[in-house]
Structure formats: structure tokens, C-alpha cells
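Read the structure below first, then the notes.
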Amino acid sequence: MLIDAQGMDYRELNGRIKEAVASGETAIELANVNGQHYIADGILSDARIEIHGIPGNDLGAFMEGPTVVVHGNAQDGIGNTMNGGKIVVHGDAVYLRGNWDRSHVAGSHVDVRDADDEDLQQVRPALQEFCGDFGLEMDTILDESFSKLTPLSHRPYGAKYAA
């Protein structure tokens, strides 16, 4: 089932999602999501909800069972007090795989370095899950090098928003 969320208030969007789940829908696709809050909150089913756009705060709060896949970034509070299910966000990354031009991100706000064995050990469970989600082989993923990006400050953009 496709729901076009363009211009839709979050209350209406969430009402439509809950109606769809209550009527037995197991695959829901949301298009043009733009900051609507509380998507999938309190859903108690095994539905799969695909989100195209940027969901607002508290995505998946109190949900139990659904798989939510976000094709983009997401705002604050993802999975806040989530009881069960899965949320996958295809957004920004902390670890990058392969060769890429570091000058695009390196600067005064971001530290870029090669990921070491300890880093890879830390992300290994997420990589295994990633491989399972996308049908990839772990050896293929680990054949290329990884870079680790970390902020140089706990508020790297604070000066841009507050004087």
C-alpha cells in the first residue's frame, strides 16, 4: 500500500498507517515524508514500513514488531522506548568503505582516519546484519578498507546556530 505523505499532518499520516495495519496490510510504503513525527509509534504487528524522505522525531517509539526502513536520514529519538522490531536508516555514516576523496569531509570539524582492527571488531555485528539485510557476503565487504569519521567537538556546528 502506498501513502503519499506530501503536505500531510503527522496525525493524519499516523492515522492512515494505523488503519492500514488494522485492515491487515503488511507492506506499507510512505512517499514524500518530510518531518512528520511519531511514524510507526505504537504499532504492534509484523508490518514492513518503507519510508522515502525524512521522518520526524520519535520514529518507532513504543512499537513492537514492525520493520521500518528509512531511505534517507531521520530526526531525533529514533526507536525511543521501542519494545521490538527493527529500524534501518540508510542515512549518514560514521564508517565509510573503500577509496574516496577525504578532502570532501576533512576539515576543522571532522577527524578522518583509517579504521583499525578494533574499529572493525566493534562494527562487525552491524556489518553481519547489514550483509544479511542486503544479501551480501561479509568477505566481500571486508575486502576493502574502511575509514572512520568522528567529530572533533561534541558540538561541531554549535557556532553556526548560537552566538
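Worth pointing out:
- Of all positions in region 43-57, at least one carries a residue that is β-branched (Val, Ile, Thr) and in contact with a strand residue (DSSP E or B) (Cβ under 6 Å, 6 or more places away or on another chain).
- Residue satisfying all of: in region 137-162; in contact with a helix residue (DSSP H, G or I) (Cβ under 7 Å, 6 or more places away or on another chain) and surrounded by 12 or more Cβ atoms within 10 Å (Cβ to Cβ); modelled with the lowest pLDDT among these: 148
- Selection of first residues in region 58-82 that are in the same structural domain as residue 38 (by TED's automatic domain parsing) and over 14 Å from residue 47 (Cβ atoms) and of second residues that are aromatic (Phe, Trp, Tyr) and surrounded by 18 or more Cβ atoms within 10 Å (Cβ to Cβ), restricted to Cβ pairs under 8 Å at least 6 apart or on distinct chains, gives the following pairs, ordered by first then second residue: 58/38; 59/38; 61/38.
- Taking region 132-149 as the range and being over 16 Å from residue 97 (Cβ atoms) and either assigned to a helix (DSSP H, G or I) or polar (S, T, N, Q) (or both) as the test, only 132 passes.
- The criterion of at least 3 residues that are at pLDDT 90 or above and under 17 Å from the mean Cα position of the chain (by Cα) is met by the following strands (runs of 3 or more DSSP E) wholly inside region 67-131: 67-71.
The values are calculated or read from the model by the stated rules, or taken from the named source; none is laboratory data. Computed from a predicted structure; not experimentally measured. Because the Cβ atoms are built from the backbone with ideal geometry, glycine has one as well, and the counts that use them run over all protein chains shown.
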